[in-house]
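The values are calculated or read from the model by the stated rules, or taken from the named source; none is laboratory data. Everything quoted here is computed from the prediction, not taken from an experiment. Heads up, the Cβs are rebuilt from the backbone with ideal geometry, glycines too, and the neighbour counts pull from every protein chain shown.
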Amino acid sequence: MASFDDREKGFESKYKLDEELRFKAMARRNKLLGLWAADLMGITGADADEYAKEVVKSDFEKPGDEDVLEKVHGDLVAKGIETSEHIVRKHMDDLMGTAVAQIEAGE
């Protein structure tokens, strides 16, 4: 019986670690997306960092990625930058891999 309990605790621990990694990776991805969009909009330095923080915060408005996508795409369009939701979503997908790699590397 102890072996079953140990296995169950192991699965629970792994699930918790996986969820923590997923949360960190999503936040990192959103920050990187915000910095990418800031660069496109000509925002630099501390203002770019502040914009990236706004993008990270926007993820808490609705479940899923739609809130982040809407914010970044809407901000880019408002600045007159020709883009599409597809392009922004592609960058989101690409940056998720970068975010995971950075977290795994301890950055």
M26 passes all but one of the listed conditions (1) surrounded by 14 or more Cβ atoms within 10 Å (Cβ to Cβ); (2) at pLDDT 95 or above; the exception is number (2)
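Among the residues of the stretch 59-79, which ones are in a helix (DSSP H, G or I), within 14 Å of the chain's Cα centre (by Cα), surrounded by fewer than 20 Cβ atoms within 10 Å (Cβ to Cβ) and not acidic (D, E)? I'd like the intermediate steps shown before the answer.
Initial filter on the stretch 59-79 (in a helix (DSSP H, G or I)): 66-78.
Next, from what is left, pick out any that are within 14 Å of the chain's Cα centre (by Cα): 66-72.
Restricting the remaining residues to those that are surrounded by fewer than 20 Cβ atoms within 10 Å (Cβ to Cβ) gives 66-67, 69-70.
Of everything in the stretch 59-79, just one residue is in a helix (DSSP H, G or I), within 14 Å of the chain's Cα centre (by Cα), surrounded by fewer than 20 Cβ atoms within 10 Å (Cβ to Cβ) and not acidic (D, E), namely L69.
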Sort out which residues of the stretch 26-48 are part of a helix (DSSP H, G or I), farther than 15 Å from V88 by Cβ and over 14 Å from the mean Cα position of the chain (by Cα), and write them in order of number. G45, A46, D47, A48
On the given criteria, is E20 more than 24 Å from G80 (Cβ to Cβ), part of a helix (DSSP H, G or I) and free of Cβ contacts under 8 Å to residues at least 40 places away in the same chain? yes
Kindly list the number of the only condition in (1) in contact with a Phe, Trp or Tyr (Cβ under 7 Å, 6 or more places away or on another chain); (2) closer than 23 Å to R22 by Cα that fails for I43. (2)
Within the stretch 80-92, restricting to residues that are in contact with a helix residue (DSSP H, G or I) (Cβ under 9 Å, 6 or more places away or on another chain) and in a helix (DSSP H, G or I), the one that is surrounded by the most Cβ atoms within 10 Å (Cβ to Cβ) is V88
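Which of the residues belonging to the stretch 32-66 are among the small types (G, A, S) and at pLDDT below 95?
First, the residues of the stretch 32-66 that are among the small types (G, A, S): 34, 37-38, 42, 45-46, 48, 52, 58, 64.
Within the stretch 32-66, S58, G64 qualify.
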